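A.B. asks: I have a structure I would like to understand better, so I am pasting it below and will then ask my questions one at a time.
The values are calculated or read from the model by the stated rules, or taken from the named source; none is laboratory data. Treat the numbers as computed from the prediction; the structure is a model and nothing was measured. Cβ placement follows ideal geometry from the backbone for every residue including glycine, while neighbour counts extend to all protein chains displayed.
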Amino acid sequence: MTGGPGGPGARRGARAPYLFVAPAVLLFVAFLAVPIGYAVYLSARGLRLTGGGVFGTREEVFVGLDNYVKTLTDPEFFAGFGRLALYGLISVPLTLGLALLFALLIDHAGSRARRFSRTAIFLPYAVPGVTASLLWGFMYLPSTSPFSYLTRELGLGEIPFLGAGGIYPSVANVAVWGGVGFNMIIIFTSLRGIPAELSDAARIDGASEWRIAWHVKIPLVTPALVLTGLFALIGTLQVYGEPTTLRPMTPEISQVWVPLMQIYRDAFLRDDLPLASAASVILAAGTLLVSVVLLKVTQRRASGGMG
């Protein structure tokens, strides 16, 4: 018999899970594990001039942790994180707050045109980041901005979108405009999973829609809020496209305005891949650390609340 515990059929059944998982594992190894391993390998290498004189040649040698030390002692690198923090203080709360507000409004029992509203709010997410940055950049430039045109006609002067006082809100606005819809869909999907009986019972008890949202809906969608918050935080640490696209339009954005811009400069303009790899590893490790801490803190609070 072939269907017994040790027969061919049983062996094929035991191999089936591995066959289904194999494509995902291969993709993970090829496009994530191998690049990460190569970046770590490169970060321990360095370019040194050998031979001396004008005819010396650059060779790649093992330098250990020198690139990490150089990166961690570079004031420009940490200044980029400071600018990133200011950018995140604007973009993350606005993205999550607007996403939650729109999700609650669409989930409201008396709301109309839900499909149209969801599509209209989500649509900016489908616009590529570079395209969105260009569109907003032209609306920021004094010569092409419709907002500055109106303020000039009113005698109020031009709005300094790309000036020293407005550069952070202007860059963050591009990310908020594109990211609200995606986060709103996640929160709205979580809201639709809440049993209607809970809201109905609260209404019978005389609770207003505001109190229902605050005391019933928002606590139950906390996991979705944590997930969207994590996405927004990771997106902030990896911001690159918006400031790079807007950089030719303003002197307020330098070549190393955020860490990823400095990594790009070191890798492709200075041809120093080992140094760029070390900075990339530090940025990736920092992102992972922040994500784990955020998840641990939220899980601890959730456990404390349940207790």
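A.B. asks: Return the residues of the stretch 257-273 that are farther than 19 Å from residue 132 by Cβ and not small (Gly, Ala, Ser); say none if nothing qualifies.
C.D. replies: Correct list: 259, 262, 263, 264, 265, 266, 268, 269, 270, 271, 272, 273.
A.B. asks: Applying the selection to the stretch 238-260, what residues are touching a residue at least 40 places away in the same chain (Cβ under 8 Å), surrounded by fewer than 19 Cβ atoms within 10 Å (Cβ to Cβ) and part of a helix (DSSP H, G or I)?
C.D. replies: Within the stretch 238-260, 241, 249 qualify.
Let's see how each residue does on (1) touching a residue at least 12 places away in the same chain (Cβ under 8 Å); (2) among the aromatic types (Phe, Trp, Tyr); (3) closer than 29 Å to residue 246 by Cα:
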| position | (1), (2), (3) |
| --- | --- |
| 62 | yes, yes, no |
| 72 | yes, no, yes |
| 82 | no, no, yes |
| 90 | yes, no, yes |
| 112 | no, no, no |
| 116 | no, yes, no |
| 122 | yes, yes, yes |
| 125 | yes, yes, yes |
| 137 | yes, no, yes |
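A.B. asks: Ok, one more. For residue 254, work out the one condition from (1) within 22 Å of residue 131 (Cα to Cα); (2) within 17 Å of the chain's Cα centre (by Cα) it doesn't fulfil.
C.D. replies: (2)
A.B. asks: Please verify whether the stretch 82-92 includes one or more residues that are farther than 22 Å from residue 171 by Cβ, at pLDDT 90 or above, in a helix (DSSP H, G or I) and in contact with a Ser or Thr (Cβ under 6 Å, 6 or more places away or on another chain).
C.D. replies: No, the stretch 82-92 contains no residue that is farther than 22 Å from residue 171 by Cβ, at pLDDT 90 or above, in a helix (DSSP H, G or I) and in contact with a Ser or Thr (Cβ under 6 Å, 6 or more places away or on another chain).
A.B. asks: Can you name every residue in the stretch 142-156 that is part of a loop (DSSP other than H, G, I, E, B) and surrounded by 15 or more Cβ atoms within 10 Å (Cβ to Cβ)?
C.D. replies: Hits for the stretch 142-156 are 142, 145.
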